[in-house]
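Everything below concerns the one structure shown next.
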Amino acid sequence: MSAYYTSILQGAVLTVGVSLAALVLASILGMAGAAAKLSGNPLLAWPAAVYTTVIRGVPELVLMLLVFYGGSIGLNNLIAAMGFDYVPDIDPFSAGVGTLGFIYGAYMTETFRGAILSIPRGQFEAGAAFGMSPVQIFTRITAPQMVRYALPGFTNNWLVLIKATALISLIGLQEMTYLAKQASAATRSPFAFFLFTGALFLIYTWVSLVVLRKLNERYSLGTKRGDI
């Protein structure tokens, strides 16, 4: 029995790895999506609006299967169209990171967009009046304040994302939920293994809340503090 618990702990490390990698991808897509929606350019804003509307309107499990299988088919067709005979397999880790990152990029888009809109417009105008470039305005005015406004939504997205890794087990990623299911099938003791897995998710959630709450306090110095 102890060997099964050890394997689940090893899967727990993989769960953190795929969650953090997906978070980075989701944040990048979120920033790009927020910039597109706030650009005022219909050629950028319209695709970003479609992206966030579709992703947030379809259940995650359905999206996960669509993105995984649809992405695999699209990649295979693209490689075949380029004249290559060998089509590489997509490993479950990359597939999990890409799928979760793509889905939660839509939620991050709205989080970052709302945070930027919360910053008073006059601050951007003041920065421009002082001769700051757009890059300087972003790094000195937008980004520091955006972090404070975005942290509550960012925290919620992260907590949901890390729990959504359990769904990735359906595409073959051997994270802790997948291994718990395997152990349950082998020993016919599902309660113990899934309870252990649930406790690990609870620990991840608690640690995340503690860290992000401290970060929120750091960026809220001099302002009225709010709980995450």
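We did not get these values from a lab; they are worked out from the coordinates using the rules stated. Because the structure is predicted, anything quoted here is derived from the model rather than measured. Reconstructed Cβ throughout: ideal geometry from the backbone, glycine too, with neighbour counts over all protein chains shown.
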Both in Å, the radius of gyration and Dmax of the C-alpha trace of segment 1-132 are 19.6, 68
Note on segment 134-228: C-alpha Rg/Rh, Kirkwood Rh, two decimals, gives 1.19
Among segment 103-140, those whose backbone N falls under 19 Å of a label point 7 Å along Cα→Cβ from V58 are 103-110
In this structure, the FRET efficiency calculated for F130 and S94 from their beta-carbon separation, with R0 = 35 Å, to the nearest 0.05, is 0.20
In degrees, nearest 10, the alpha-carbon axis of helix 190-219 is tilted away from the dominant principal axis of the alpha carbons of the chain by 20 degrees
Sparse-neighbourhood loop hits (chymotrypsin sites (Phe, Trp or Tyr not before Pro), segment 96-143; DSSP loop; Cβ within 10 Å at most 16 others) -> F130
Other residues with Cβ under 13 Å from the Cβ of S7 give, with Lys and Arg +1 and Asp and Glu -1, a net charge of 0
Here, chymotrypsin sites (Phe, Trp or Tyr not before Pro) of segment 160-208 satisfying both criteria (DSSP loop; at most 15 other Cβ within 10 Å) are none
Among [x] 17.7, 52; [y] 20.8, 70; [z] 20.5, 62, the entry matching Rg and Dmax of the Cα atoms in Å as calculated here is [y]
